[in-house]
Amino acid sequence: MTGRERGLAPAERERLEALARELRREVLIMTSEAGSGHPTSSMSAVEIMVALYFGGVLRYDPARPTWPDRDRFILSKGHAAPILYAVLAEAGYFPRDLLRTLRRIGSPLEGHPNMRRLPGVEASTGSLGQGLSIGLGHALAARLDGRDYQVFVLLGDGEIEEGQVWEAAMAAAQWRVHNLVAIVDHNGYQQTSPVSAVTDPRAYVEKWRAFGWHVSEVNGHDLAAVHEALRFAKAYRDGPVCIIAHTVKGKGVSFLERDFTWHGRAVPRDRLQAALEELA
């Protein structure tokens, strides 16, 4: 069971950085073997996921996946399922061997998370823009049930073009929901273009603040900074918190980074070894 409240010691930071590299490798391998998936969208979120699950921020127990007092994590950008699956396997929710069945017929590791088929998945996501509303529902349920669990929702920056996100943001602030944290994986790209071709990312902080949220910005690949931002958000009690995490799509592999044409494409097997060597 995890849920410790402390900062990262140097040795622990090194351990988590090594784990982040290993999880990136796992994402590449599992999507390459499947021949499909979203590795680059997963790779931008690795440090966020590692800090949450293995930095003592998220309270959970793999032996009791439906434990009522667990914290909830919702992957609103459901296409980044490979990193969620890799993290859940590392945390002990299911055997690692299952990762090799990604996207195969009959496998519970579907292209997008299915809460009815896999322990540790809190919401079936994939249709973008819905996760924050789901998270708000969980957070309000905690209030009604007299429980103190926290809800974390990871959104994509392209995803927050969806109007439903802002409906949930407005409601969460109105009801002063203090146990809800939105994390925006701001990697700068969506499916077919830079996000800046559609909206102005420079206004993200102002927009979330205008909707009544406490907002912080962080280098999304600096584990210590991400960890500190998450710990602050979990302790904050004056309303919902949004963390804008500045990340790199395809982080860690030079020919994948900041190239939106890799969106939704697995690395071909003849290029996989070169990609893995960059993460050695």
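The values are calculated or read from the model by the stated rules, or taken from the named source; none is laboratory data. No experiment lies behind these values; they were computed from the predicted model shown. No Cβ is skipped: glycine too gets one built from the backbone with ideal geometry, and neighbour counts run over all protein chains shown.
Please work out if residue 140 is hydrophobic (A, V, I, L, M, F, W, C), exposed (fewer than 14 other Cβ atoms within 10 Å of the Cβ) and either out of contact with any Pro (no Cβ under 9 Å at 6 or more places or on another chain) or over 30 Å from residue 66 (Cα atoms) (or both). Criteria not met by residue 140.
Among the residues making up region 73-109, those that are among the charged types (D, E, K, R) and touching a Gly at 6+ places or on another chain (Cβ under 7 Å) are 77, 103. Screening 133, 107 for residues that are in contact (Cβ under 8 Å) with a residue 24 or more places away in the chain and among the polar types (S, T, N, Q) leaves exactly one candidate, 133. With respect to being surrounded by 15 or more Cβ atoms within 10 Å (Cβ to Cβ), over 23 Å from residue 207 (Cα atoms) and modelled with pLDDT of 95 or more, residue 128 falls outside the description. If only residues of region 174-197 that are of a type in the set (A, V, I, L, M) and out of contact with any strand residue (DSSP E or B) (no Cβ under 6 Å at 6 or more places or on another chain) are counted, the one that is farthest from residue 214 (Cα to Cα) is 197. Taking (1) out of contact with any Asp or Glu (no Cβ under 9 Å at 6 or more places or on another chain); (2) of a type outside the set (S, T, N, Q); (3) surrounded by 16 or more Cβ atoms within 10 Å (Cβ to Cβ); (4) more than 28 Å from residue 136 (Cβ to Cβ) in turn, residue 279 satisfies each apart from (1). Scanning region 114-128 for residues that are under 19 Å from residue 61 (Cβ atoms) and under 16 Å from the mean Cα position of the chain (by Cα) gives 115, 120, 121, 122, 123. Of all positions in region 76-98, at least one carries a residue that is in a loop (DSSP other than H, G, I, E, B), in contact with a Ser or Thr (Cβ under 6 Å, 6 or more places away or on another chain), over 30 Å from residue 270 (Cβ atoms) and not basic (Lys, Arg). The single condition from (1) within 17 Å of the chain's Cα centre (by Cα); (2) assigned to a loop (DSSP other than H, G, I, E, B); (3) within 25 Å of residue 263 (Cβ to Cβ) that residue 105 fails is (1). All conditions but one from (1) surrounded by 23 or more Cβ atoms within 10 Å (Cβ to Cβ); (2) farther than 24 Å from residue 54 by Cβ apply to residue 259; the one that does not is (1). Within region 8-65, being surrounded by fewer than 24 Cβ atoms within 10 Å (Cβ to Cβ), over 14 Å from the mean Cα position of the chain (by Cα) and part of a loop (DSSP other than H, G, I, E, B) holds for 8, 9, 35, 36, 56, 59, 61, 62, 63, 64, 65. Residues in region 232-247 that are over 10 Å from residue 181 (Cα atoms) and in contact with a Lys or Arg (Cβ under 8 Å, 6 or more places away or on another chain): 238 only.
Restricted to region 139-154, and to residues there that are assigned to a helix (DSSP H, G or I) and within 15 Å of residue 234 (Cβ to Cβ), the residue that is farthest from the chain's Cα centre (by Cα) is 142.
Looking at region 155-273, the strands (runs of 3 or more DSSP E) lying wholly inside it that each contain 3 or more residues that are of a type in the set (A, V, I, L, M) and at pLDDT 95 or above sit at 180-186, 241-246.
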